[in-house]
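Values in this text are rule-based calculations from the coordinates and carry no lab data. All of these numbers come straight from a predicted model, not from anything done at the bench. Cβ atoms come from the backbone with ideal geometry, glycine included; neighbour counts cover every protein chain shown.
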Amino acid sequence: MTLNNQVVMVIGGGIAGIQASIDLANMGFQVHLVERTPSIGGRMAQLDKTFPTNDCSICILAPKMIECAGHKNIDLLTYSEVVEVEGQVGDFRVKVLKKPRFVDMSKCTGCGECVERCPRRVPNEFNLFLDKRKAIYLPFPQAVPRKMTIDAQNCLYFLKGRCRLCEEPCQAGAIEFEQEEEMVELSVGAIILATGFDPYDVSALKEYGYGEIENVITGLEFERLISASGPTSGELERPSDKKPPQVIAFIQCVGSRDVNYNPYCSTVCCMHATKEAILAGEHYPDLRSFVFYTDLRAVGKRFQEYVTRAREEYGVTYIRARPGRVTGKNGHPIVWYEETVFKEGEERKVRKMEVDLVILCPALVPHRSQEEVARKLGVELDEAGFFRIPDRLSRPLDTSVEGIFACGFCQGPQDIPDSVIQASGAAARVAELLVPERADRDA
Amino acid sequence: MPRRRIGVFVCHCGNNIGGVVRVPEVVEYARRLPNVVYAEGSLYACSEEGLSSIREKITAYGLNRVVVASCTPRTHETLFRNACEEAGLNRYLFEFVNIREHCSWIHMRAPDQATEKAKSLIKMGVAKSYHLEPQEELESEVYPEALVIGAGVTGMTAALNLAHQGLKVHLVEREKELGGLLSEVNKLFPTHRDAKEILDPLVEGVKNHSLVTIYLGSEVEGVEGFIGNFKVRITKVEEEIKVGTIIVATGARELKPIGQYGYPAMANVLTQLELEERLKEGVDEWQSVVMINCVGARGADRSYCGRFCCHTAMKNAILIKEGNPAAKIYILHQDVMASGVEAERYYRGAMELGVRFIRYDPTNPPQILGERQAEEIKVYHALIGREVILPAQLVVLTTPLVPQADNERLSKMLKVPLGSEGFFLEAHLKLRPVEFATDGVYLCGSARHPSDIRESVSQAYAASAKAAIPMREGVVRVEAITAFSQERLCNGCGNCLLVCPFGAVELKDCERGAQVAWVSVAQCKGCGCCVAACPNGAMQQRGFSDQQLMIMIEALAEGVSSGLR
Amino acid sequence: MVSDKEPTILVFACNWCSYAGADLAGVSRLEMPPHCRVVRVMCSARVRPEFVIAALSRGLDGVVILGCHPGDCHYSEGNHYTRRRALLLKELLEHVGIEPERFQLRWISASEGAKFAQTITEITGEIEALDRRREPPPEG
């Protein structure tokens, strides 16, 4: 077995995949970064700010995205998917399907004239379906690469054989309805998985009324609403009447730490809710926030101080309770709960709190593509569906297959700093593995 | 000064600029600006066609400055700089003017004014380009050897990873043995493997690897230099060691909560690490054990959470319970930090085994009852709402890791900062957690923040990757927007030194005997803070000099007074 | 300051935050008054008080410095120095009779395109109002 192959594949273009790619490229490896969607950026592009620094998320992400795209050692394969993997460490033969954008990337300048002209509106997945995008679109304003994509499933030309209005304003002549998918076969020495996560579908928890009761939203939806570049330009609008809320309640562990749904802890939600409460307080100084939690898991660096800041500077109130139910039908949801921390002599009873907006912090589960990816690569999953790491202590980045590493949320719930650390760590593992004619084989 | 021959290329960007700004008019205007010998409009300056034209015209017209007026430099600056270089023109003799994001796109309803604004911006850009100087990016050599300070699990992991990549490592450990904090630990969460199982392969690995040189019972005494070129003095070593990068893996130590909860006066009150030592010899027949979590953490003494001490408490609780199923084990906590998949499962397992978790309020903490040793614990049980008294044959205090005593000394030596709690402070909490703002120095493990093995090892790998990058590359290249001091103008006031966030400025002796400012180009990040702090213009920034910025202001003002905005 | 009614405002924007915010305003096609001219610097801390004084004394109607929000500076502390210098400079300018609206410091992050547009519109309006007040009374 030779380990001369200095080409590496990274699957997943979120912050972990981007970081791993940049580190590998800077170490001199050739990297193929495969990303399913039209742009790299992942979940971090959907966040407004990041805890505990309250950095603007896209501001710290965009330079990395640009660095990644411009790096001479990185081949960005966006809107592409891994179809088949054969071989072993040192020589994985991977077939990657490049899905057709129907736009010529070498001509498209990202000017957006075509989007203006397109008549077809489609629910916008980047904004959690809170608004619409066009059938020809850029997933978000800072997308990298800045090239348009035609969503064939919703394009009038592909559905009904008419329209093609996007062609006329395109001075570069980049629209290409006849574009075909392309399959490429790549030989890589090692693979790094960075496929991220999805939010759990909380409509399964009927007691919280998501989808039934007005003004019950999820944490990620809140994130898009409060984002300056989101569907409401940063105005926290209640879905029912578009007015800002005065009192909001966060319910933690929705579908997490729950033997009926996902028994594990999703790790980032306590901090996520704290951040959102702070952001809401920054936008609307008179707003009151309540966080219903089970354990307040603020373990990371400067996390505890962040929670203290939320309590003291923004008046966020933390109530230790897992609400049993949310009801309400006039646009003011009611949260039903029992206190579980009592002062001496305090009465125990079921309480209710009427609020203007309920935010459910959902469990975060392995990305919907995870099982498929695991199958294709022959990599094992653990009981929760994350990539299994056989020796978490000595080899925290190694999957069950030699030469395949996993970093970030796809191997276990974790926040951005830990994901970035693991991404760089995975790059180091590859670097010590793919050493030509290495004498000491004990990796 | 040789005559300037400036070329201006104004981009239509399809309709994006051309549909608002009257580009041909702007090209005409640019052509008549002082020192402009060539001007053209381009449909897409960034296209292959546009770039070819630029390269051609540089040659054909002997252009020695190029100005492109199109979109934002943040996207295509490198592209155009490359085109200039390919045509034989120094890449820093290029100036970018933004007439799209900053003009046509924001004044779509005012085409006349947008056109005038485009002219004005180009006038400023042309004026600046006049004063641009050719620059070479500094290539600073990187010595391909690393210093790793600290040989615990973290330091050894980093050292071995680098050695496997073929890089030489100097591993310095102040104790007489390798292993760090982990040598004191008994079994590990969550698999209950022996700590030795993790440590021994690492110790064997570093001892046997030809590229790792170990210095036991030694400390780093002094560090000079910058990335690629550090000179390090180590105790007991005669010669200076030259290294390219430094990794800080000095770990942390367990807090001994002297004076709290009867520690250390009462013999049956221990810390978790002390319990580990005892457990190595076997589980005693304690009938009742009470563990108190968050001692010295998450409170007035220390705001942070120890991150993994809940795991340690649960682990030791389970070990004791498994060894003696009849024992009553209580863990008094403020929150149970068991994030993720494994830890949550472990927590549930502990509860099922019969370990009792009792939540206490930090404003009403538990009390030790007993004379010469602990006998019982009185605690307000927040969940049931009243005080309970628990039997306590053994009391274990769960404390966080705290910074090493000599962090401050090391931080000054390496010119890296400490955070408010005394751990080392990384360059950026989110995106640069294992790097320092100072290039070439990296951070991992509990020296940064209390970390368990899994996290420490991941961080060690990460720091190793960061350190490997410049060493594998062999050089560091610095974008030529760095500051420089003009010796003859400098009066040695030292303002620049004080304001530099990166420690890139020093005062050095010059020929005339005075102390003058000197910028380490390898460290300089090009913010320009020092330039603004310099009282007499001695300090300047390449590409953003006072002269270059002032000429833009003058060009704009001249336009104003002559009727052109 | 000049006989023309339309002001000219010089804006220094830092590469990492405010310049990017201005770019985003552009990408979002947010319309704003066309009287500002943006000069890019790497950090707002590069801007020395002499630039502001020179600009105002040469007839420009206003100078704005835009930087990263405190705590977010790409160079960690640059914007702290900017803030301190700006405070002193403001006092100095007022002392010599220059209206405070003519020199302003604002924080704009890379995602605040709308805020950039708003800021430019606001400041332009303020300066236009000043210029109108300084108009000489009509003859006769």
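Computed quantities for the displayed model
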quantity: About the Cα centre, charge dipole magnitude for segment B:349-483 (Lys/Arg +1, Asp/Glu -1 at Cβ), debye; calculated: 280 debye
quantity: Average other protein chain Cβ within 10 Å of Cβ, residues B:421-431; calculated: 5
quantity: Neighbour net charge for B:Met351 - beta-carbon separation under 12 angstrom, K R +1, D E -1; calculated: +2
quantity: As computed over chain A, the Cα convex hull volume per residue (Å³); calculated: 154 Å³
quantity: Shielding by partners, peptide B:69-78 (average Cβ within 10 angstrom, other chains); calculated: 4
quantity: Bins of 10 Å from zero: percent of alpha-carbon pairs in segment B:146-270; calculated: 13, 36, 28, 15, 7, 0
quantity: Summed side-chain charge close to C:Arg58 - residues other than C:Arg58 whose Cβ falls under 10 Å, Lys, Arg +1, Asp, Glu -1; calculated: -2
quantity: For chain B: relative contact order, % (alpha-carbon pairs under 8 angstrom, 6 or more apart); calculated: 14 percent
quantity: Pairwise centroid distance, computed over Cα atoms, of segment A:362-431 with segment A:133-161, Å; calculated: 31 Å
quantity: Sites B:Cys493 and B:Arg409, calculated FRET efficiency, Cβ-Cβ separation with R0 30 Å, nearest 0.05; calculated: 0.55
quantity: Dipole axis of the protein assembly as shown (+1 Lys, Arg; -1 Asp, Glu on Cβ), positive-most option in A:Thr267, A:Val350, B:Ala30; calculated: B:Ala30
quantity: For segment B:30-107, convex hull of alpha carbons as volume per residue, Å³; calculated: 93 Å³
quantity: Partner chain coverage, peptide B:169-181 - average Cβ within 10 angstrom; calculated: 0
quantity: Proximal charge balance of C:Ile123 [Cβ under 11 Å; K/R count +1, D/E count -1]; calculated: -3
quantity: Cα→Cβ-extended label distance, 7 Å offset, between A:Leu165 and A:Glu383, nm; calculated: 5.5 nm
quantity: For the protein assembly as shown, projected area of the alpha-carbon convex hull averaged over all directions, nm²; calculated: 50.1 nm²
quantity: Between segment A:286-300 and segment B:277-350, the alpha-carbon center distance in angstrom; calculated: 24 Å
quantity: Positive-end residue of B:Ile247, B:Phe9, B:Leu171, charge dipole of chain B with Cβ unit charges; calculated: B:Phe9
quantity: Stokes-Einstein D for segment B:266-343, Kirkwood Rh over Cα pairs, 37 °C, 0.692 mPa s (µm²/s); calculated: 244 µm²/s
quantity: Length-normalised contact order for segment C:9-132 - Cα pairs under 8 Å, 6+ apart - percent; calculated: 39 percent
quantity: Fewest-first ranking of B:Phe308, A:Phe405, using other Cβ atoms within 10 Å as the exposure measure; calculated: B:Phe308, A:Phe405
quantity: Furthest towards positive pole of dipole, C:Ala25, C:His95, C:His69, structure part segment C:9-132, Cβ charges; calculated: C:His69
quantity: Two-decimal ratio, segment B:375-431, of alpha-carbon radius of gyration to 2.2 N^0.38 Å; calculated: 1.98
quantity: Fewest-first sequence of A:Lys376, A:Lys242 by Cβ atoms within 10 Å of each Cβ; calculated: A:Lys242, A:Lys376
quantity: Student exercise, the protein assembly as shown dipole from Lys, Arg, Asp, Glu Cβ charges, in Debye to nearest 20; calculated: 1580 debye
quantity: Of B:Lys128/B:Lys525; B:Lys176/B:Lys231; B:Lys176/B:Lys315; B:Lys196/B:Lys321; A:Lys132/A:Lys242; A:Lys275/C:Lys115, those spanning more than 26 Å from alpha-carbon to alpha-carbon; calculated: B:Lys176/B:Lys315
quantity: Euclidean distance of C-alpha centroids, segment B:223-237 and segment B:42-101, integer Å; calculated: 43 Å
quantity: Helix-derived mean residue ellipticity, 222 nm - over the protein assembly as shown, DSSP H n ≥ 4, -39500 (n - 2.57), to 500; calculated: -9000 deg cm²/dmol
quantity: FRET E, pair B:Val237, B:His192, Förster distance 51 Å, beta-carbon r, rounded to 0.05; calculated: 0.80
quantity: Residue order, fewest to most beta carbons within 10 Å, for B:Ser411, C:Ser111; calculated: B:Ser411, C:Ser111
quantity: Segment C:9-132: C-alpha pair distances exceeding 18 Å, %; calculated: 48 percent
quantity: Point-charge dipole on Cβ atoms (K/R +1, D/E -1) for chain B, about Cα centre, debye to 20; calculated: 1420 debye
